[in-house]
Amino acid sequence: MAFYRTCPDCGAHLDPGEQCTCHDEDVIRRQEKEKAEQRIMKMIKEERNGQLRLAV
Ligand SMILES: [Zn+2]
């Protein structure tokens, strides 16, 4: 008898005890996106400060 679990999110067939990585990838992707957005916001702030500093 085939016994496997199905990931409720991506539908992948998992062996018993196997953990689907779709959540990990999703979380990692989201964290990287947030990090990238924070980096851009930081760059914009620093650029503004840098321009002010350079102007002085
Ligand atoms: Zn999955």
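At 222 nm, what value in deg cm²/dmol follows for the chain if DSSP H runs of at least 4 each add -39500 (n - 2.57) and the sum is divided by all its residues, to the nearest 500? The partial results should precede the final answer.
Values: 1 runs with 34 residues, N = 56.
For the chain, the value works out to -22000 deg cm²/dmol.
So how many Å³ per residue does the convex hull of the Cα atoms of the chain work out to? Before the final figure, lay out the partial values.
Numbers: hull volume 3.2 nm³, N = 56.
Dividing the Cα hull volume of the chain by its residues yields 58 Å³.
How far is helix 22-55 tilted off the main Cα axis of the chain, in degrees rounded to 10, range 0 to 90?
Helix 22-55 sits at roughly 0 degrees to that axis.
State, to one decimal in nm, how far the label point of ASN49 lies from the label point of GLU32, with both points 7 Å from Cα in the Cβ direction.
Once both label points are built, they end up 2.8 nm from each other.
Within a Cβ distance under 10 Å of CYS10, other residues only, what is the Lys/Arg minus Asp/Glu net charge?
With Lys, Arg at +1 and Asp, Glu at -1, the net is -3.
Per residue, how much accessible area does region 1-40 have with a 1.4 Å probe, in Å²?
92
Return a whole-number percent for the relative contact order of the chain, with Cα pairs under 8 Å and 6 or more residues apart as the contact set.
Values: 20 pairs, mean separation 9.6, N = 56.
Across the chain, relative contact order equals 17 percent.
The values are calculated or read from the model by the stated rules, or taken from the named source; none is laboratory data. Since the model is a prediction, treat every value here as computed from it, not as a measurement. FYI the Cβ positions are ideal-geometry reconstructions off the backbone, even for glycines, and counts take in every protein chain you see. Please note that ligands, DNA and RNA were not included when accessible areas were found on the heavy atoms of the full protein model with its side chains. Shrake-Rupley method; radii C 1.70, N 1.55, O 1.52, S 1.80 Å.
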